[in-house]
Every structure is written in C-alpha cells, then in structure tokens.
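Novice: Take this structure first; my questions come after.
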Amino acid sequence: MLLEVLVTVVVLVVSLRVWYVTTSGRCYSTRSMKGKTVIVTGGSAGIGLHTAGDLVKRGARVILACRNLEKAGRVAGQLNKEASQGGEVVVRLLDTSDLTSVRAFAKEILDTEKHIHVLVNNAGIVEPPQKVITKDGLEMTMATNHFGHFLLTNLLLERLKQSAPSRVVNVSSILHSRNSSLNLDSINFENEAYTRCGPYVRSKLCNVLFNLELARRLEGSGVTANSLHPGIVQTDIFVKYVNIYKTIIVIYFFLWGKDANLGAQTNIYLAVSEEVEGVSGRYFGDCKQVKPSKLARDKDLARRLWDVSEKAVKLRPEEKFC
C-alpha cells in the first residue's frame, strides 16, 4: 500500500512538472536583430545570460553590463563562439548599486555607441541578510534593483530616442504583488523594520511603477517600455541560501521552477517580438500581457515614486530627457 501511494505521488509530481514546463511561455519570433545594439544588465548569468545568448544569435551587438568583468569576459567569449549574422558580445563595467558606476557606464556608452535599440534592465539581487546602506545613502537591494536602473535609463534616454523605434525592458517579479502599500517617505527603510524579503518585494513593485510612469513620459517618442515577471527561475540569485531554506527552495523549484532559458523567454519576447511593436506601459508573464497588482497600476503613486527617485539619484536638470 505504501509503495503504491509513493508511486502515485511521484507520478503526480512528475506530471505536474512536465505540465508546467510544457505550458510555459516561449518567444517564437524569428526576427533578426542584425545591426541592432542591445544592453543587458546582469548579463553574465541566469536569465540575463540566456537573453544575451539568444540576441547575439539573431545578429545583435550585445553589451553585457556587469560588475564582475572576469566572469563576464568568459561568458562573452563563449557567446561569441555561438554568434551568427554578424552578432557580437562585448563587456562593460556596471554596478547598479553604485551611482558613480552607473554614470561612468552611461558616459562610456554615449561616447562609443551611436545607437541603443534595446535596454534590458535585468540585474538584481535578493537582499543581504542585514540592512546595508550604499555610499549613496540607499538601501542595497533598492539601489541595485531600482535606483540604479532608474538612473541608467534616464541617462540613456536621449540615445534611445535617437535610435527609435527602441525598447526598454524592465525585469520585475510576481512578488511585487506582496506589497500592500509603498511608503515613499521611507523608501530605503529609514523609518521601518527591515525584513529579509521586504527590500526585494518593494524593489520589484518599484520596477513596475517606474515602467508605468516611464511609458507615460515616453508617449509618442518611439521608445516603448514594458515590465515582466520571468517566472520562478532557479538562478544564481538564490545560491546564498543554505540548510533548510535551500532544501525548501530546491523542492519548490523542482515543482514550479523554470530553468534560466525558459525564464529568459519573456525578456526575449519583449526585446524582439513583432507582437509588441508599439505596445508600452504593460506588464507581461509567459510572453503574454497579464495584470499586475492594483498598487502597481496606481498612476499617481508611479508619478510620486518618479519624483522621489529623481531626488534619490540626484538626477540633474540636463539629464532629464522625458
């Protein structure tokens, strides 16, 4: 009897796994990206790596914007072996948690790249175990996942507009919906308790709200902006979890998780697909439009977050292009 129960459970679990993987969204566009320049932040691992790998095979010039140049260099070498249609991968230094690094990266890009056709804001961290404040006075997770990309996008907007039609892709998460509110007066947890998951889920909400306001400001410019949930993806972002937490995560990923290639599909879809030409301000999952949380659709909150973010990153008047 026990054996029969175990066999039944195994069959059900495997069937569930097969169903989930086979029904996950995929980008079926065969569009060439020959002659296009694409920036992928955090492109040396996980879904960023697979996004870059797909785009270089389509002929794109892919700029891996990473903080670990040695690792990114090895990745670029491998991807260049797989490139086709004249595609190539180059590496540039970028740490989105450091606003000085963001400004230096943006300057280098503007000095060397005539066009930017796609910007994929992909880099991210879960959070450090304890609260860490960056030298810019920002909470580390918020700096890496939101503020750095906010500044980067603004600094590159003029070049994106000059390259229109162009696209901005903002990687968020379904966990954005875990927020019941957003305290803009304590955006970096200045006046509230710091919890292990709090900064990550807040940063993911900020990604969607940033995208919403960005799209509004870019109306008629030829630049579109869309955000997405890549799925539950097993990537290096979870490597630090150990013991019981790691066991739970491994089991959860086995049941519901995607590998990094599947997780990259919506990134790729929003970067290349003809189906989203001209579509902006939307939220996607599994290569189709889905509805984000009610809070993430609050246009007034999105405008106010933009203002708070401008002040946090010290965006200068001459750096405002929308």
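Every number in this text was worked out from the coordinates using simple rules, so none of it is lab data. These figures come from a predicted structure and were not determined experimentally. Counting neighbours? That spans all protein chains shown, and the Cβs are built from the backbone with ideal geometry, glycine included.
Novice: Listed highest first by mean packing, meaning other Cβ atoms within 10 Å per residue, what order do 109-116, 37-44, 259-266 come in?
Specialist: On the way: 109-116: 14.6, 37-44: 27.6, 259-266: 22.5.
The most tightly packed comes first, giving 37-44, 259-266, 109-116.
Novice: Please report the antiparallel percentage of the DSSP beta bridges confined to region 34-314, to the nearest 5. Before the final figure, lay out the partial values.
Specialist: Working: 4 of 32 bridges.
Approximately 10 percent, going by the DSSP bridge assignments.
Novice: Among the aspartates and glutamates, select those whose C-alpha is under 19 Å from the C-alpha of K36, and discard any that sit fewer than 8 residues away in the same chain.
Specialist: Qualifying aspartates and glutamates at Cα under 19 Å: D54, E82, E88, E108, D111, E113, E158, E274, E275, E277.
Novice: Here is a follow-up. Which of A193, A225, A106 moves most in a GNM of the chain, Cα contacts under 10 Å?
Specialist: A193
Novice: Further, regarding this structure: Mind checking which helices in the chain clear 27 Å along their axis (Cα) and have mean Kyte-Doolittle hydropathy of -1.0 or more, DSSP H runs only? Please report the intermediate quantities before stating the final value.
Specialist: Working: long enough: 2-23 (31 Å, 1.99); 198-217 (28 Å, -0.07).
Length and hydropathy pass: 2-23, 198-217.
Novice: Show that you can apply the helix-only estimate: for the chain, add -39,500 (n - 2.57) for every DSSP H stretch of four or more residues, divide by all residues, and state [θ] at 222 nm to the nearest 500. Kindly include the intermediate steps, with their values, before the conclusion.
Specialist: Details: 10 runs with 137 residues, N = 322.
Value at 222 nm, helices only, nearest 500: -13500 deg cm²/dmol.
Novice: Here is a further query. Applying a 10 Å radius around every beta-carbon, put 213-224, 61-72 in order of their mean neighbour count, most first.
Specialist: Details: 213-224: 18.3, 61-72: 21.7.
The packing order, highest mean first, is 61-72, 213-224.
Novice: Do you know the relative contact order of region 34-314, to the nearest whole percent, from alpha carbon pairs under 8 angstrom that are 6+ apart?
Specialist: 19
Novice: With springs connecting C-alpha atoms under 10 Å apart, model the chain as a Gaussian network and identify which of C197, C27, C206 has the largest mean-square fluctuation.
Specialist: Residue with maximal mean-square fluctuation among C197, C27, C206: C197.
Novice: Please work out the Cα center distance from region 116-151 to region 28-71, rounded to the nearest Å.
Specialist: Spelled out, the Cα-based centre of one part sits 20 Å from the other.
Novice: Right, another one. Can you divide the C-alpha Rg of region 47-121 by 2.2 N^0.38 Å and report the result to two decimal places?
Specialist: Working: Rg = 12.1 Å, N = 75, 2.2 N^0.38 = 11.3 Å.
Taking N as the residue count of region 47-121, the ratio is 1.07.
Novice: Take each of the peptides 46-53, 165-172, 93-100, average the number of other beta-carbon atoms within 10 Å over its residues, and list them starting from the highest.
Specialist: Working: 46-53: 26.5, 165-172: 25.0, 93-100: 20.5.
Highest to lowest by the protection proxy: 46-53, 165-172, 93-100.
Novice: Students often get this wrong, so check it: of K258/K294; K34/K258; K107/K314; K204/K299, which have C-alpha atoms separated by over 22 Å?
Specialist: Beyond 22 Å: K258/K294; K34/K258.
Novice: How big is region 95-149 by Rg and Dmax over its Cα atoms, in Å?
Specialist: Looking at region 95-149, its Cα Rg and Dmax stand at 12.8, 42 Å.
Novice: On to the next question. Let's see if you can work this out: charge +1 on each Lys and Arg Cβ, -1 on each Asp and Glu Cβ, no other charges. What is the dipole magnitude of the chain about its Cα centre, in debye to the nearest 20? Walk me through the numbers on the way to the answer.
Specialist: Working: 42 positive and 31 negative charges, 64 e Å.
Computed charge dipole of the chain: roughly 300 debye.
Novice: When a/c reaches 1.5 or more, the comparison of a/b and b/c decides; with that in mind, is the chain rounded, prolate or oblate per its Cα gyration tensor?
Specialist: Values: a/c = 1.58, a/b = 1.20, b/c = 1.31.
Because a/c hits 1.5 or more and a/b fails to exceed b/c, the chain counts as oblate.
Novice: First select every other residue whose beta carbon is under 12 angstrom from the beta carbon of D286; then total the charges, Lys and Arg +1, Asp and Glu -1.
Specialist: Working: positive: R26, K258, K288; negative: none.
In short, +3.
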